[in-house]
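Below is one structure, written out as structure tokens, with a few remarks after it.
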Amino acid sequence: MTRGSSGGPPAVLVLEDGRAFRGRAYGAVGETFGEAVFSTGMTGYQETLTDPSYHRQVVVMTAPHVGNTGVNDEDPESGRIWVSGYVVRDPARKSSNWRSRRSLDEELVAQGVVGISGVDTRALTRHLRERGAMRVGIFSGNAIADEGTLLARVRQAPEMTGADLSAEVATKEAYVVPAIGTKRFTVAAVDLGIKGMTPHRMAERGIEVHVLPATATLEEVYAVQPDGVFFSNGPGDPSTADHPVALMRGVLERSTPLFGICFGNQILGRALGFGTYKLKYGHRGINQPVQDRTTGKVEVTAHNHGFAVDAPLDKVSDTGFGRAEVSHVCLNDQVVEGLQLLDRPAFSVQYHPEAAAGPHDAAYLFDRFVSLMEGQRA
């Protein structure tokens, strides 16, 4: 057991394998449950917290100092914090940035997010790397009980495997993000947990983006007369996403230019007939090396995924929509990070090219999407 530093009320983090870490409450006091995962980013904590892909996950920050720049009103990727819990080692005593409006601790309290500080996040991260992502509970204040009772409660929490979550985080009503400058194209974006920067990146390229609910039908997608269709990132197990898979197959049958990221990459994999599987501890952070196999270029990229596509790296595959190949691969572990069709205008990547708060190595992928729509129009 690891003892935490002084600060707020006592708190304890309990993993489903029985290991526990003691610390102090950070954010709201109470209890929360989720899947314990770690993020390796040294900056961009506000974007991480508000990324809908983190729904039902307790995020462990590997960077030791968190909260230095406070919280502003410009950087959120959605209308709320989505993480179910937050784990940091040394929270900033005072935030310092010209855009800061309040402290991170204040924001966590305001949104009811239970967290813990003073934890040896290095030891916790090493444990998750060795044992894999697992269920966890954070308890503080009156929620603390004997560890046997807390462990039993953690083991009663739902697992991420088999979780169908995209409809829980997606917009309920369609909305439009207008093109910046001259409108060149219209894109129907299926919201599976979209981040705010994604339609903005398309709008910067003259695209009018119609963001549609995860439950949108093929008729609703084509009612906006799209030049292209986009499938977003999102939380949960892709093996449960039968509706988005069927929707994507309908788009592929029409040969409309298609681009998917993160969860959208897994949906494309399933639509092409590949399987998906759960990674041991996933990829999360803004420093993951990926090679674009079409150019040989290595990019530093932003990730947040616990599942991956099971597709062959060493050959072109025949699918119901023509030939497909793995276009991108993670250099750390050879996980599939992108797919492309060779006979239809469709491709996807497993990471986040909108990359808020960075890096921006993969921004060219939005230009590649534009090129597909230009080619189709020509």
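With both residues required to sit in the chain, DSSP beta bridges show an antiparallel share near 60%. Computed over neighbours whose Cβ is under 14 Å from that of Thr69, the net charge equals -2, Lys and Arg +1, Asp and Glu -1.
Kindly report the accessible area of segment 9-156 per residue (heavy atoms of protein chains, probe 1.4 Å, no ligands, DNA or RNA), in Å². Spell out each step's value before the answer.
Values: 6180 Å² over 148 residues.
Dividing the accessible area of segment 9-156 by its residue count gives 42 Å².
Net charge in the neighbourhood of Arg377 (other residues with Cβ under 11 Å of its Cβ; Lys, Arg +1, Asp, Glu -1) is -1.
Against the chain, whose longest principal axis is taken from its Cα atoms, helix 364-377 shows a tilt of about 30°.
Rounded to the nearest 10 square angstrom, Ser255 shows an accessible area of 40 square angstrom against a 1.4 Å probe. Just add up the charged neighbours of Asp242: K/R +1, D/E -1, any other residue whose Cβ is under 12 Å from the Cβ of Asp242. Net of charged neighbours comes to 0. For segment 313-371 versus segment 143-189, the spacing of their alpha-carbon centroids is 23 Å.
For segment 9-156, what does the alpha-carbon gyration tensor say about shape, rounded, prolate or oblate, given a ≥ b ≥ c as the root eigenvalues, a/c under 1.5 as rounded, and a/b over b/c as prolate? Don't skip to the end; give the middle numbers.
On the way: a/c = 1.73, a/b = 1.58, b/c = 1.09.
Prolate.
Tell me the carbon and sulfur percent of the accessible area for segment 1-103, rounded to whole percent, probe radius 1.4 Å. The computed percentage sits at 47. Helix 147-156 axis versus longest C-alpha principal axis of the chain: approximately 20°, rounded to the nearest ten.
Highest mean packing comes first when the peptides 337-343, 61-67 are listed by Cβ atoms within 10 Å, giving 337-343, 61-67.
Where the only charges are on Cβ atoms (+1 Lys, Arg; -1 Asp, Glu), what is the dipole of the chain about its Cα centre, to the nearest 20 debye? Write out the running numbers ahead of the final one.
Details: 38 positive and 44 negative charges, 160 e Å.
That gives the chain a dipole magnitude of about 760 debye.
Rounded to the nearest 10 square angstrom, Arg377 shows an accessible area of 140 square angstrom against a 1.4 Å probe. For segment 206-241 versus segment 248-306, the inter-centroid distance based on Cα atoms is 16 Å. Only the Cβ atoms of Lys and Arg (+1) and of Asp and Glu (-1) were treated as charged; on that basis the dipole of segment 166-374 about its Cα centre amounts to roughly 160 debye. Bridging of Lys172 to lysines at a Cα separation below 30 Å is possible for Lys183, Lys195, Lys278, once same-chain residues fewer than 8 apart are set aside.
When the Cα positions of Phe185, Ala174, Val71 are compared along the charge dipole of the chain, Val71 comes out farthest toward the positive end, with charges on each C-beta of Lys, Arg, Asp and Glu.
For segment 315-354, what does the alpha-carbon gyration tensor say about shape, rounded, prolate or oblate, given a ≥ b ≥ c as the root eigenvalues, a/c under 1.5 as rounded, and a/b over b/c as prolate? Could the numbers behind the result be given before it?
Numbers: a/c = 3.57, a/b = 1.56, b/c = 2.29.
Verdict is oblate for segment 315-354.
Under the classification rounded if a/c is under 1.5, otherwise prolate if a/b is larger than b/c and oblate if not, where does segment 166-374 fall, given a ≥ b ≥ c as square roots of the Cα gyration tensor eigenvalues?
Numbers: a/c = 1.36, a/b = 1.24, b/c = 1.10.
It comes out rounded by the Cα gyration axes.
Against the chain, whose longest principal axis comes from its Cα atoms, helix 121-131 is set at around 60 degrees. For the pair Glu173 and Arg377, label points projected 7 Å from Cα toward Cβ lie 3.0 nm apart.
How much of the accessible area of segment 310-372, probe 1.4 Å, is carbon plus sulfur, in whole percent? Could you put the intermediate results ahead of the total?
Details: 1040 of 2300 Å².
Here carbon and sulfur together make up 45 percent of the probe-accessible area.
Just to confirm, what accessible area per residue do you get for segment 183-292 at 1.4 Å probe, in whole Å²?
Values: 3180 Å² over 110 residues.
Solvent-accessible surface per residue comes out at 29 Å².
The values are calculated or read from the model by the stated rules, or taken from the named source; none is laboratory data. Computed from a prediction, not measured in an experiment: that's the story for all the values here. As a convention, Cβ positions derive from the backbone with ideal geometry for all residues, glycine included, and neighbour counts pool all protein chains shown. Ligands, DNA and RNA are stripped out before the accessible areas are found, and what is left, the full protein with its side chains, is counted by its heavy atoms. Shrake-Rupley method; radii C 1.70, N 1.55, O 1.52, S 1.80 Å.
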